[in-house]
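> Can you read through this structure? Questions will come right after.
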Amino acid sequence: MKPYLYMIKIKLLLALSYRYEVFITFITQIILLFVSSFFWKAAYKGIDSVAMVNERQMLIYSVISIILGNIFSISVEDSIRQKVRKGNVAVDFLKPVNIFYMYFSEDIGNVVTSVVQQIIPILIVSSLFIVVPAPASAVHFILFLVSVCCSYLIMWLISAIFGLFYFWVIDIGPLGEIKNYMILILSGSFVPVWLFPPIIQKTLVFLPFVYIYQFPISVFIGKTSPMPALTGIAVQAVWILGFGLLFGKIKRHVEKNIMVQGG
Amino acid sequence: MKTLSRYGLMAMTLLKINIQRGLEYPAHLIGWLISNPLQFIFGLITIKVVISNFQALGGWSFEQTVFLYGLGIISHGLSVVLFIQTWYMGFLITEGELDRMLVRPLNVFFQFCFFDFNFIGLTDMLPGIIIFTYGCMAASFQFTLANTLNLLLALVGATALRGGLYTIIGALSFWIQRSRQLIGVQWKLFDYSAKYPMNIYPPIVQGIFTFLLPIGFICFYPASQLLYANAGFALPGNLCLWTFAVGIGFYMLGMMVFKIGLRWYESCGS
Amino acid sequence: MQSAVILANNLSKEFITTKKSSGLRGAVKNLFKPEKTVKRAVDHVSFEITKGEIVGYIGPNGAGKSTTIKMMCGILNPTGGNVLINGMSPVNQRQKIVMDLGVVFGQRSQLYWDLPLGESFELLRRIYLVDRAKYEANLAELDRILNVHEFIDTPVRQLSLGQRMRGDLAAAMLHSPSVLFLDEPTIGLDVDVKYAIRKFIKEINEKYQTTVILTTHDLDDIQALCKRIIIINDGIIVSDSPLEELIEQELGHRLLIVELSAGDFHVTHPKAEITPLGSNRLQLKFRKDEISAAALISDISAQYQIRDLQIKEADINDVIRQIYARSKAACL
């Protein structure tokens, strides 16, 4: 456990030393926060609720979405890409620790950092100027926390699987971008999927995307009540299992190849 | 005159070289051809979904918003082609590329603009033109002589305005070592300002985007004039002409900041 | 009369740096109150380089070498003093000066990574306004020594480090500049390529009277090329003299190593310092101006039978190490 904890600490130290980045990232988040709040206020002007969601809930939705965006900024894909490019990824595989635990610790370190540097300030600014992002109830909040952890795992596994692709093709170029756009739009990170035409909504239920952003947030604002929330968490667990197995399979394949070709 | 033709010839050579470079990686090119349009299609879906579920945003119908959005993407594409290297300025400085430019007998700013001419930006242009054409038809925009001229003025102005702002932000890397993320901020700002009618924001924000950081001119003001749509503030005169003037002004400002930055670099190093 | 191609006069450069404290507390402190310090990287440096010289400009890492070079090419403006290249100041006439300057940074290529080498050459031809006939002639001449035609149609990213370096050297010389700055041109190269590059530098220097300023950590480069070396440490020039003179004055002695056949001997000599090396071998340290090697050998062979002998010249590496050590001691 020790090396992984140390990794988290290193990440924290690194993040603290980049003071411009901290500030600039925060400014970006605040811009995003205000722009989406104005956007929804304009959309709701004179309208009580759409799809049983009122203006206040929608504002909370966008605040929480921005916060989740911070938590989900996962670096495993990028770490692998850079290492494959420099050709020193084989060295990592030879270290006496599991490198994916190492990458995971790094990312957890990032989450801890962003809670301190971004999320708490965002919550304060949002409460003061836009809306107090209060959960629908304590039960909803607990279910939200559980489902966010699941979302995180889904996101992380998707990133890690994409990272593993770099072993085959040194540069998958814009493919990673395409994946990111898909996730952003299909997960309801900005516009909830419940506003989409019914046929698309029905299709998206069978894909993992909505379980990353929309599902936990709708639990938070109370659009999803506790019982369906539990079902949703079960579905998330199934996705985690699926992606976990896929990841394990690809990883074993890659490791075998590295042993044969020597990186 | 002689230097002008020399720089013209140089620019042509660099253009050729950069197209050649791009063609070295056909897979990337195809990747961008898919991913960039995808991004804009998703943007369009967002607008469609929200307007059809709620109402016209700030009095702008879906068709008008598409026109606005398309106009924004075209000037974005043009600015990517022409000014992308300003995004990497910090990188060019830390990697010593700037030193190299300083020991070449050419204007440094010219080298910045043309040594990495990026025609990947054209993959933005294509969806931009399609979306814009659709917007023109849907919002029944009339291609009269006056309208066409105004449109051209607006496009040139918007591209120059983006270029100027990119250059200013890029030149900040002379002072701040890691200004790369600032570019992210700017990107988000432009992205939103281009996507939605600006009059959905409170007057103070509109004021900032008009008089301080005039991104309203990138597409909102010209589009509002060309479509007779709600512009929030009632600005006097021809808004497309204003866009042109503001664009050229900001571009010059960008060059000035760059020059000052370069002088600072020469006295401080990296 | 020989004219000064490069004239540095009390050249100084100061940098302001922020000090970064370490540890978690340090990181927090940096966030709020960074500590600033002024560092004088180059301190009143003066020298004069005449046409056709090859000058080695050396010093340990961080001594101020590249800062000086950068000031000479106009990348950095001096804080104090001035530098003139061909009588012009890089501060206000940079574009004019660089037209007649070739610069090679060993660690960074100026060639287009994705394109065949020839494309970069064509571009440089246009940048430096070299007309077609002159370009062809120059290229043929460069090719004779550097053999660039072997890979002129290969994308630069596929070249070996040695080929790339040859390409970079050719690129820097295409416009036949009168001054060539070489910043670690042989870094990371194998023996053959190093040799080719030294030969190239020597030839262009002899043929075109090109003035060459060379910074390097490879002292074999210096020994092979430079008649004069300038040593800088902590921003101050600690030595500026012809190579032989430097060696002479720093290490006037030579070493004679002899292997004697007899097992039992007590060699003494009034003009040599003797250290036994074991297995019948002795090291005799002597000064050239006090006794010649021949005299010393004959003195010893008069008493004992010499089986084998070897005379060692003072090594430039020793000289430099000695100078660095001394200037560091002076600082402390």
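> At a probe of 1.4 Å, how much accessible area disappears from chains C and B on forming the pair, both sides counted, to the nearest 100 Å²?
2800 Å²
> Using a 1.4 Å probe, how large is the accessible area of B:CYS136, given in Å² and rounded to the nearest 10?
Counting only protein heavy atoms, B:CYS136 exposes about 10 Å² to solvent.
> Here is a further query. Straight-line reach from C:LYS134: which lysines have Cα under 26 Å away, leaving out those fewer than 8 places along the same chain?
Within reach: B:LYS2, B:LYS16, C:LYS51, C:LYS96, C:LYS199, C:LYS202, C:LYS207.
> Using amide H atoms built in the peptide plane, which far-off residues or other-chain residues are under 5 Å from C:SER239 H to H?
Result for C:SER239 returns C:ILE231.
> Run the accessible area of the protein assembly as shown with a 1.4 Å probe and give the carbon-and-sulfur part as a rounded percent.
C and S atoms contribute 63 percent here.
> Please name which of A:PRO198, A:VAL115, A:SER49 has its Cα lying farthest along the dipole of segment A:2-261 towards the positive end, using unit charges on Cβ (Lys, Arg +1; Asp, Glu -1) and the Cα centre as origin.
A:VAL115
> According to the square roots a ≥ b ≥ c of the eigenvalues of the Cα gyration tensor, what is the shape class of segment C:253-313, taking rounded for a/c under 1.5, prolate for a/b larger than b/c otherwise, and oblate for the remainder?
Because a/c hits 1.5 or more and a/b exceeds b/c, segment C:253-313 counts as prolate.
> Show that you can apply the helix-only estimate: for chain C, add -39,500 (n - 2.57) for every DSSP H stretch of four or more residues, divide by all residues, and state [θ] at 222 nm to the nearest 500.
Details: 11 runs with 127 residues, N = 332.
Value at 222 nm, helices only, nearest 500: -11500 deg cm²/dmol.
> Per-residue ellipticity at 222 nm for chain B, helices alone: DSSP H runs ≥ 4 residues times -39500 (n - 2.57), over residue total, nearest 500 deg cm²/dmol?
Theoretical 222 nm ellipticity from helices: -24000 deg cm²/dmol.
> With every protein chain present, what is the per residue accessible area of chain C (1.4 Å probe, Å²)?
Here the residues of chain C average 48 Å² of exposed surface.
> According to the Cα gyration tensor, what semi-axes, each the square root of 5 times an eigenvalue, does the equivalent ellipsoid of segment C:38-121 have, listed from largest to smallest in whole Å? Spell out each step's value before the answer.
On the way: eigenvalues 129, 59, 37 Å².
Value: 25, 17, 14 Å, ordered largest first.
> Still on this structure, I have one more. Treating the beta-carbon of each Lys and Arg as +1 and of each Asp and Glu as -1, no other charges, what is the dipole magnitude of segment B:60-268 about its Cα centre, to the nearest 20 debye?
Rounded to the nearest 20 debye, it is 240 debye.
> Kindly provide the GluC sites (Glu not before Pro) of segment C:197-292 that DSSP labels as loop, not H, G, I, E or B, and whose Cβ sees at most 15 other Cβ atoms within 10 Å.
Filter output for segment C:197-292: C:GLU290.
> Going by a ≥ b ≥ c, the root eigenvalues of the Cα gyration tensor, does segment B:112-162 fall in the rounded group (a/c under 1.5), the prolate group (a/b larger than b/c) or the oblate group?
Note, shape of segment B:112-162 comes out oblate.
> Which of the DSSP-defined H helices in chain C satisfy a minimum axial length of 15 Å, computed from C-alpha atoms, and a minimum mean Kyte-Doolittle hydropathy of 0.5?
Qualifying helices: C:293-303.
> What lysines sit close enough to A:LYS251 to cross-link, taking a C-alpha to C-alpha distance under 26 Å and skipping anything fewer than 8 places away on the same chain?
Answer for A:LYS251, where 26 Å is the Cα cut-off: A:LYS2, A:LYS11, A:LYS83, A:LYS86, A:LYS95, A:LYS179, listed by chain and number.
> To continue, here is another question. Rounded to the nearest 100 Å², what is the buried accessible area between B and A, both sides summed, probe 1.4 Å? Walk me through the numbers on the way to the answer.
Working: alone 13950 and 14170 Å², together 25030 Å².
Accessible area lost upon association: around 3100 Å².
> Go through A:107-115, A:237-245, B:166-174 and give me the packing order, highest mean Cβ count within 10 Å leading.
B:166-174, A:107-115, A:237-245
> What size of dipole, in debye to the nearest 20, comes out for segment A:2-261 about its Cα centre when the only charges are +1 on Lys and Arg C-beta atoms and -1 on Asp and Glu C-beta atoms?
Once rounded to the nearest 20, the dipole reads 380 debye.
> Set the Förster radius R0 to 45 Å, insert the Cβ-Cβ distance between C:VAL267 and C:ASN9 as r into 1/(1 + (r/R0)^6), and round the FRET efficiency to 0.05.
About 0.25, to the nearest 0.05.
> Using the crude model of +1 on Lys and Arg Cβ and -1 on Asp and Glu Cβ, and no other charge, please compute the dipole size for segment C:4-248 relative to its Cα centre, in debye to 20.
1240 debye
> Bin by bin, in steps of 10 Å, what percent of the Cα pairs in the protein assembly as shown do you find, going until the bin that has the longest distance?
Pairs per bin, as whole percents: 2, 10, 16, 19, 18, 14, 9, 5, 3, 2, 1, 0.
> What is the distance in Å between the Cα centroid of segment A:136-156 and that of segment C:157-171?
Spelled out, the Cα-based centre of one part sits 56 Å from the other.
> Within chain A, which DSSP H helices have Cα atoms that stretch 30 Å or more along the helix axis and a mean Kyte-Doolittle hydropathy of at least 0.5?
A:19-44, A:138-165, A:226-261
> I would also like to ask the following. In chain B, which whole DSSP H runs stretch at least 27 Å along their own axis (Cα) and average -0.5 or higher on the Kyte-Doolittle scale?
Within chain B the helices that satisfy the rule are B:2-23, B:26-53, B:62-83, B:145-171, B:239-268.
> Sequence neighbours fewer than 8 away in the same chain don't count; with that in mind, list the lysines whose C-alpha is under 17 Å from C:LYS39.
Within the straight-line cut-off, C:LYS39 pairs with C:LYS13, C:LYS19, C:LYS20, C:LYS65, C:LYS70, C:LYS328.
> Can you find, among C:HIS253, C:ALA294, C:ALA272, the residue sitting farthest towards the positive end of the charge dipole of segment C:253-313, where Lys and Arg contribute +1 and Asp and Glu -1 at Cβ?
My answer, from the dipole projection, is C:HIS253.
> When you count, for each residue, the other Cβ atoms within 10 Å and take the mean per peptide, how do C:75-82, A:27-34 rank with the highest first? Walk me through the intermediate numbers first.
Numbers: C:75-82: 20.4, A:27-34: 18.9.
In descending order of packing, they fall as C:75-82, A:27-34.
> Moving on to the next point. Calculated from DSSP H runs of 4 or more alone, at -39500 (n - 2.57) each and per residue, what is the 222 nm mean residue ellipticity of chain A, nearest 500? Walk me through the intermediate numbers first.
On the way: 12 runs with 192 residues, N = 263.
Computed mean residue ellipticity for chain A: -24000 deg cm²/dmol.
> Another question, if that's okay. With unit charges on the beta carbon (Lys/Arg positive, Asp/Glu negative), name the residue among B:PHE115, C:GLY74, C:TYR195 whose Cα is farthest towards the positive pole of the charge dipole of the protein assembly as shown.
After comparing all options, I get B:PHE115.
The values are calculated or read from the model by the stated rules, or taken from the named source; none is laboratory data. Note that the structure is a prediction, hence the values are computed from the model and not measured. Backbone-built Cβ (ideal geometry, glycine too); neighbour counts: all protein chains shown. Please note that ligands, DNA and RNA were not included when accessible areas were found on the heavy atoms of the full protein model with its side chains. Shrake-Rupley method; radii C 1.70, N 1.55, O 1.52, S 1.80 Å.
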